[in-house]
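Contents: one structure, followed by commentary.
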Amino acid sequence: MSLKPMYKWAGGKAKLVPVLLEQLRRWARRHQGSTNDFGFDYVEPFLGGGAFALSLMTEPEPVVIGTAPGKGRLVALEPRFHLSDVNTDLINVWREFKCNRVALCCALQGWTESYNEAHVVDREKMYYEMRERYNAAIGSSEPDIDQAFRFIFLNKTCFNGLYRVNSKGEFNVPWNKAERISFDLENLLAVGKRLRQNDVEIKCQDWKTAVKLHLSPRQPTFIY
């Protein structure tokens with residue numbers, strides 16, 4: 001199945017994936033050698049929703065190398081993913097779905113049912129209490145499955161799926177007044193399963209560190 005972002009993210013590039021894939025294919029044609037596969041480091045230091053990375057994890061189509069009629073050959077793209085962001089709570093979501101996808105989806109399903117059955121006053125109260133608990137734990141560097149759940153739930157129930165913090169670093173986006181919500185649990189489970197593979201590395205770090213770690217003249221590196 002085609003993997004999709006786990007949450008909405010302002011500035012997400014889901015609609016640009018076809019254009020980005022074509023740019024990657026052009027880059028691969030310039031750097032690929034004589035073998036029938038092309039291994040390279042894919043570095044994304046501003047992970048956000050990860051739309052492009054997830055599209056590449058869904059077995060990208062082979063690249064045709066060579067332009068002479070009838071003489072082109074198919075080359076399989078084999079990226080090694082190095083995904084990072086400076087947002088600790090965002091990275092916590094990716095790490096927790098990698099390790100605890102089933103527990104997270106069960107929690108989301110349970111809270112979805114409670115939210116959808118609640119009175120409007122109770123839905124609003126549920127949101128702001130959840131936001132308060134999220135802010136009490138925001139920015140922790142320790143793995144936290146509860147904080148990952150809060151992040152996803154708030155993203156679904158906040159205004160326009162925005163992630164915004166105030167001068168104190170607290171998430172301050174208001175409730176979106178949604179009467180009903182739902183999550184694509186099949187996609188969330190599939191993403192979590194794919195993240196467990198050995199070709200995926202997830203780190204919390206700034207972009208300069210991420211780029212510096214993977215710039216090597218000996219190793220083809222695609223930085224997005």
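The values are calculated or read from the model by the stated rules, or taken from the named source; none is laboratory data. Fair warning: this is a prediction, and the values are worked out from it, not measured in the lab. Counting neighbours? That spans all protein chains shown, and the Cβs are built from the backbone with ideal geometry, glycine included.
THR112 meets the stated requirement of being out of contact with any strand residue (DSSP E or B) (no Cβ under 8 Å at 6 or more places or on another chain), surrounded by 15 or more Cβ atoms within 10 Å (Cβ to Cβ) and touching a residue at least 12 places away in the same chain (Cβ under 8 Å).
Among the residues of the range 130-162, those identified as at pLDDT 95 or above and touching a Gly at 6+ places or on another chain (Cβ under 9 Å) are ASN135, ASN155. Any residue at all in the range 50-59 that is part of a helix (DSSP H, G or I), polar (S, T, N, Q) and modelled with pLDDT under 95? Yes: the range 50-59 contains one or more residues that are part of a helix (DSSP H, G or I), polar (S, T, N, Q) and modelled with pLDDT under 95.
Is it the case that ARG218 is within 21 Å of GLY39 (Cα to Cα), charged (D, E, K, R) and in a helix (DSSP H, G or I)? Taking the combined requirement at face value, the residue does not satisfy it. Please verify whether ARG150 is in contact (Cβ under 8 Å) with a residue 24 or more places away in the chain and part of a helix (DSSP H, G or I), treating the condition exactly as stated. No, not satisfied.
Summed over the range 22-49, residues that are buried (at least 17 other Cβ atoms within 10 Å of the Cβ) and under 26 Å from ILE91 (Cα atoms) total 10. Of the residues examined, LYS156 is not one that is outside any helix (DSSP H, G or I), of a type in the set (Lys, Arg) and on the phi < 0 side of the Ramachandran plot. Do we find that GLY192 is out of contact with any helix residue (DSSP H, G or I) (no Cβ under 8 Å at 6 or more places or on another chain) and assigned to a helix (DSSP H, G or I) in this structure? No, not satisfied. Tell me, which residue of the range 175-224 that is without any contact (Cβ under 8 Å) to a residue 60 or more places away in the chain and within 22 Å of ASN100 (Cα to Cα) is surrounded by the most Cβ atoms within 10 Å (Cβ to Cβ)? Selected residue: GLN197. Residues in the range 156-170 that are surrounded by fewer than 20 Cβ atoms within 10 Å (Cβ to Cβ), touching a helix residue (DSSP H, G or I) at 6+ places or on another chain (Cβ under 8 Å) and touching a residue at least 40 places away in the same chain (Cβ under 8 Å): how many? Residues flagged as surrounded by fewer than 20 Cβ atoms within 10 Å (Cβ to Cβ), touching a helix residue (DSSP H, G or I) at 6+ places or on another chain (Cβ under 8 Å) and touching a residue at least 40 places away in the same chain (Cβ under 8 Å) within the range 156-170 amount to 2.
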